[in-house]
Structures are given as structure tokens and as C-alpha cells.
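The values are calculated or read from the model by the stated rules, or taken from the named source; none is laboratory data. Keep in mind the model is a prediction, meaning the values are calculated, not measured. Here the Cβ positions follow ideal geometry from the backbone for every residue, glycine too, while neighbour counts run over all protein chains shown. We work out accessible area using only protein heavy atoms, side chains counted, and drop any ligands, DNA or RNA first. Shrake-Rupley method; radii C 1.70, N 1.55, O 1.52, S 1.80 Å.
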Amino acid sequence: MSSRRSTRSTRSAGSAGSATSASDVIVVGAGAVGAACAYYAARAGLSVTVLDRGPVAGGTTGSGEGNLLVSDKEPGPELELALLSSQLWQELAELLPRGVEYEPKGGLVVARDEPGMAALRTFAAGQEKAGVTVREVAADRLPDLEPHLAPGLAGGFHYPQDAQVMPALAAAHLLRASGAEVRLGPGEEVTGLLTGPGGEVRGVRTASGALYAPHVVNAAGTWGGELARLAGVLLPVLPRRGFVLVTEPLPRVVRHKVYAADYVADVASGSAALQTSAVVEGTPAGPVLIGASRERVGFDRTLSVEALRRLAAGATELFPVLGGVRTMRTYAGFRPYLPDHLPAIGPDARVPGLLHACGHEGAGIGLAPATGRIIAGCLAGDQLPLEIDPFDPARFEAEESR
């Protein structure tokens with residue numbers, strides 16, 4: 001990473017500044033992805049202003065479970081991004097406070113029957129060739145990893161690279177660790193992009209005035225499509241709603257992130273209808289988190305009794321011990337969904353100076369560090385850690401024009 005220092009004046013994190021303030025880059029979005037972009041851009045010597053319509057981690061990040069997964073990704077660009085992020089999260093865990101609850105606990109994917117096990121075996125073989133560490137677990141060895149799992153399962157696969165963080169704290173601490181090169185503007189909604197005579201980015205407009213920078217990063221999560229529209233370009237980000245059940249604090253009855261094989265298919269599905277698959281994991285604080293549901297209903301936060309019923313049933317099917325446990329609360333969040341299930345990362349050739357870092361769906365926490373490194377590399381002119389053509393933000397424009 002370049003050590004080039006910016007010659008522009010900066011202030012410490014706090015107010016985003018006046019109508020004439022200037023930075024090297026404005027990051028729109030203070031979730032995990034935006035925080036990672038700011039962190040790595042600051043490390044590259046750039047001055048950064050981070051804006052968000054709400055508080056830090058007030059969107060998808062604050063409603064997530066904090067999963068850092070390689071286990072659910074098939075070989076290809078997203079898995080490469082996840083493997084890089086896995087390494088970077090290990091580095092960040094040494095730098096950030098323990099309060100982010102980084103826990104390299106590993107994942108366990110289980111199959112209910114032999115056909116399911118065969119499908120997992122084929123999936124795992126491809127991942128292993130791509131660099132994932134994975135081992136098959138026979139049915140009679142599952143209790144060694146998870147003593148409270150239901151009997152009668154056909155087996156599973158253990159993924160030691162899977163981990164977890166407390167997502168909202170991770171985003172906050174990334175911003176704090178960025179130092180004086182980053183200025184923070186929570187509650188500052190971007191209402192327009194400022195452009196020059198050639199269409200190049202010159203900054204953004206907010207209710208408080210204009211903020212200037214030659215680069216703007218769209219890390220607006222589920223609102224990434226709206227921000228793209230302000231720039232006059234297409235990026236079809238849609239919200240995909242999900243619910244999480246949170247139990248009362250318990251002794252560590254679930255040691256890993258445990259999910260059923262059908263979760264992988266649900267992640268890859270493009271269906272707008274309600275889909276649920278059993279995902280269960282413990283936390284250092286004691287509560288067990290139960291997911292996962294997916295449906296496209298816009299930004300409707302209405303509680304879905306059917307979704308919650310399915311989540312509870314799936315969790316108790318995997319872990320019968322949870323049948324007598326109280327659920328303390330439930331919450332909804334919106335994953336930023338793109339039709340091909342790949343995020344948009346990198347410069348937008350249609351608007352010079354505009355970069356995108358959004359559309360990660362449910363993997364944004366896990367993929368945030370690699371995304372931040374890529375964005376910082378693009379800004380600083382450094383060599384990128386991997387090929388980014390598959391994440392080209394303009395790829396949907398070509399499809400739309402066909």
C-alpha cells in the first residue's frame with residue numbers, strides 16, 4: 001500500500017466540515033464496507049470524508065450477524081474476494097480492540113441425507129481446489145464439533161476459515177483506527193453529485209452544503225442504486241429483507257456457525273419469494289443468533305410471522321435443545337442485492353471519479369476489507385490484490401441495452 005501523504009488540509013473525525021471543505025475522496029456510507037474503504041484509503045495517504053444519511057452502521061451493517069464466510073461461496077470471483085478478506089480480517093483483529101468480538105470459530109455445514117451430503121462433497125471439492133480449507137465430517141463425528149446437534153444427520157463439512165465479528169463495532173473501530181485523515185459526517189444525506197464540464201466528479205451536495213473531492217465512493221449499501229441514479233448511471237441494487245431471532249443468553253451450546261446445506265442454494269437464488277434455511281450460531285456474549293430468511297419486499301419492515309415461524313422451526317430441528325429457550329427479540333435488515341450476486345467494486349467508466357463499493361448482499365461484513373483494499377488501490381494507483389473485471393459497476397448497463 002502506498003505511503004503517499006495528501007497535501008490537502010484535514011480535520012479529525014467529527015464534523016464533515018463547511019461548504020468549502022475539500023478531501024481527496026468522499027465515501028458515501030458509514031457501514032462496514034464504507035468504513036473499510038475509508039480505513040484503507042487513509043492508510044494510502046488520502047484524506048477522506050465519510051458521509052451517511054444516518055449513524056455509523058445504521059443500515060445493513062447494524063442489522064447483520066457479522067459473518068465472515070468462505071463456506072457458502074462457490075469457486076469464482078466472490079470466493080477470491082472472501083479468501084483475501086479472511087486474511088485481512090485476521091490482520092485487523094490484531095489491530096482493532098477486542099470489543100469487535102472477532103472469533104475464528106469456523107463453520108459447519110450439515111446434510112440431512114445422503115443426496116445432500118453428495119452435493120456438499122462436490123461443492124467442497126471445488127472450493128478446496130480454489131484454496132479453501134475444508135474437511136469432511138462423518139455423521140458419528142458431528143457431536144465432537146457440536147454436542148447438541150440433532151441425531152440422524154448424514155454428515156457435514158467443517159470450514160475452519162469461517163469467523164465472526166460484532167459488525168457495528170467493527171465498522172466504528174475501523175473508522176476510529178483511520179485516524180485524523182478521516183472526517184465523519186453522520187446524518188448527512190447526499191442529495192446530488194457535483195460534476196465538472198466533462199462530467200467528472202467534483203464532490204457531493206448535502207442539505208448542509210457542498211463538499212468537494214475529485215473522487216466519490218458509493219458505499220451506500222441498499223441505497224447504492226439511488227446514489228448511482230444521482231450520478232445518472234444504472235446500478236440495480238435492490239433490498240432483500242431478512243430476519244434474525246436472538247435468544248436469551250446461554251452457555252455455549254452452539255460452538256460454530258452451523259447451517260443446513262440448503263442455505264447455499266438460497267444465497268445463490270434470485271427468487272423474490274420468502275426463502276428460509278436454518279442458520280444457527282452462538283456469540284461470545286451468550287445469545288444464539290438464528291437465521292436466515294430472504295425475500296424482496298422493498299423496504300417494508302413489517303414483521304413476518306411466517307418467516308419467524310420457519311426460522312424457529314429450522315433452528316430447533318438442527319438443535320433440539322433450543323426448543324425450550326426464550327427468544328428475547330427479533331430484528332429485520334436489508335441486504336443490498338444485485339441480480340448476479342456479485343458486488344459492484346471499482347471505478348465507474350461512465351462517470352470519471354465515481355467508484356462503487358456496494359451490492360454485497362449478505363456478505364458485506366465479510367468482504368469489506370478486500371473491497372476497501374481494492375478501492376484504496378484504485379484511488380492511489382497501486383497494484384490491485386486481485387482481478388476486478390467481474391465486479392465492473394457498468395456491467396448491468398450493457399445487459400439493459402440488449
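Numbers for the structure displayed
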item	result
Fraction of accessible area attributable to carbon and sulfur, the chain (%, probe 1.4 Å)	53 percent
Antiparallel bridges, percent of DSSP beta bridges restricted to the chain (to nearest 5)	70 percent
Förster-model FRET efficiency, 30 Å R0, residue 226 and residue 87, C-beta, rounded to 0.05	0.35
Degrees between helix 305-318 axis and first principal axis of the chain (Cα, 0 to 90, nearest 10)	50 degrees
Angle in degrees between helix 167-177 and the longest Cα principal axis of the chain, rounded to the nearest 10	40 degrees
For residue 194, distant residues with modelled amide H under 5 Å away	202, 203, 204, 205
D_trans [Stokes-Einstein, Kirkwood Rh over alpha-carbon pairs] for the stretch 183-222, 25 °C, 0.890 mPa s, µm² s⁻¹	226 µm²/s
Nitroxide proxy distance, nm - points 7 Å out along Cα→Cβ at residue 350 and residue 94	4.2 nm
Potential lengthening between residue 122 and residue 285 on full extension [0.36 nm per residue; Cα-Cα distance subtracted]	55.1 nm
The stretch 235-375 pair-distance distribution - Cα-Cα, 10 Å bins, rounded %	11, 37, 32, 15, 5, 1
Rough spin-label spacing in nm, given labels placed 7 Å along Cα→Cβ, for residue 389 and residue 317	4.2 nm
Between helix 77-95 and the chain: long-axis angle, C-alpha atoms, 0 to 90°, nearest 10	80 degrees
Square roots of 5 times each gyration tensor eigenvalue, C-alpha, the stretch 66-144, largest first, Å	26, 17, 9
Length gained when the stretch residue 252-residue 303 is fully extended (0.36 nm per residue, less Cα-Cα span)	15.5 nm
Cα-based Rg and Dmax for the chain, where Dmax is the largest Cα-Cα distance (Å)	21.0, 68
